[in-house]
């Protein structure tokens, strides 16, 4: 049994795009994605239990990369549903205050449960020397003083640490979402004061195209002399163009390994600009 992370990312992103176009609001969009992801995860669980893994490397890859990606999306959309259903206003000081409190809560959770752990440092550093312990079934060591949810996990479909990776990814996605909500409200107010509608400035190409542009600007050091990180570059452009890119890292991973030109959008930009220049000759 083989799972492809690129294929799973594509499937989930296609579903997100389809639901985003048809859902009447963010709440319904998050709810539909929750249902889809829950069923998707259950179907993969059945395959894993029925077929198992070809070898331990496939098992490690599944619990380090595949399952956490799907589960992180489920955590993410569930949290958005909860956030949006308790937000009583849309715009203004109360709206900004509400999302600032959500951001503070997210940062507090991050400090208490994520960033100060040995596992977080292990995962973020890209180490693999303990993957046999962290991402294979049946290796949970309760002497490590694990969180209480370790007693609730499915021993046939979780190593405990796959859940932790999913929460790390979901935390990052939620951070981007909440920051955008705050920035959208601030941007909308400042533009309105100047008689400009924020609805006029939209990104109308694909999300992959914008991801390619973001990484190109970052790699070239074109913004702030290259002294700010890729996350900040992304947030600035997401704010400007009123778009949520989601998991930038995985989109970039897919871009690096896709067939054909890895810089298709930049190639098209160059071609379009040259054609435009030629019109004036």
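Brief remarks on what is shown
- Number of the condition not met by residue 262 [criteria: (1) at pLDDT 85 or above; (2) exposed (fewer than 11 other Cβ atoms within 10 Å of the Cβ); (3) under 30 Å from residue 11 (Cβ atoms)]: (2)
- For the stretch 178-199, the count of residues that are in the same structural domain as residue 54 (by TED's automatic domain parsing), at pLDDT 85 or above and not in a loop (DSSP other than H, G, I, E, B) is at least one.
- The stretch 1-88 holds helices (runs of 4 or more DSSP H) entirely within its bounds, and those carrying 2 or more residues that are crowded, with 17+ Cβ neighbours inside 10 Å and under 18 Å from the mean Cα position of the chain (by Cα) map to 5-22, 26-51, 67-85.
Here's the yes/no breakdown for (1) over 19 Å from the mean Cα position of the chain (by Cα); (2) in contact (Cβ under 8 Å) with a residue 12 or more places away in the chain; (3) buried (at least 18 other Cβ atoms within 10 Å of the Cβ); (4) closer than 21 Å to residue 71 by Cβ:
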{"site": "128", "(1), (2), (3), (4)": "yes, no, no, yes"}
{"site": "139", "(1), (2), (3), (4)": "yes, yes, no, yes"}
{"site": "160", "(1), (2), (3), (4)": "yes, yes, yes, yes"}
{"site": "176", "(1), (2), (3), (4)": "no, yes, yes, yes"}
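- Count - residues of the stretch 245-259 that are under 24 Å from residue 202 (Cα atoms) and exposed (fewer than 15 other Cβ atoms within 10 Å of the Cβ): 1
- For residue 222: the one exception among (1) farther than 18 Å from residue 7 by Cβ; (2) part of a helix (DSSP H, G or I): (2)
- Scanning the stretch 91-138 for residues that are outside any helix (DSSP H, G or I) and modelled with pLDDT of 85 or more turns up 125, 126, 127, 128, 129, 130, 135, 136, 137, 138.
- Residues located in the stretch 232-244, provided they are assigned to a helix (DSSP H, G or I) and surrounded by 16 or more Cβ atoms within 10 Å (Cβ to Cβ): 233, 234, 235, 236, 237, 238, 239
- Residue 252 within 21 Å of residue 9 (Cβ to Cβ) and more than 16 Å from the chain's Cα centre (by Cα): no
The values are calculated or read from the model by the stated rules, or taken from the named source; none is laboratory data. Since the structure is predicted, the reported quantities are computational estimates derived from the model, not experimental observations. Cβ atoms come from the backbone with ideal geometry, glycine included; neighbour counts cover every protein chain shown.
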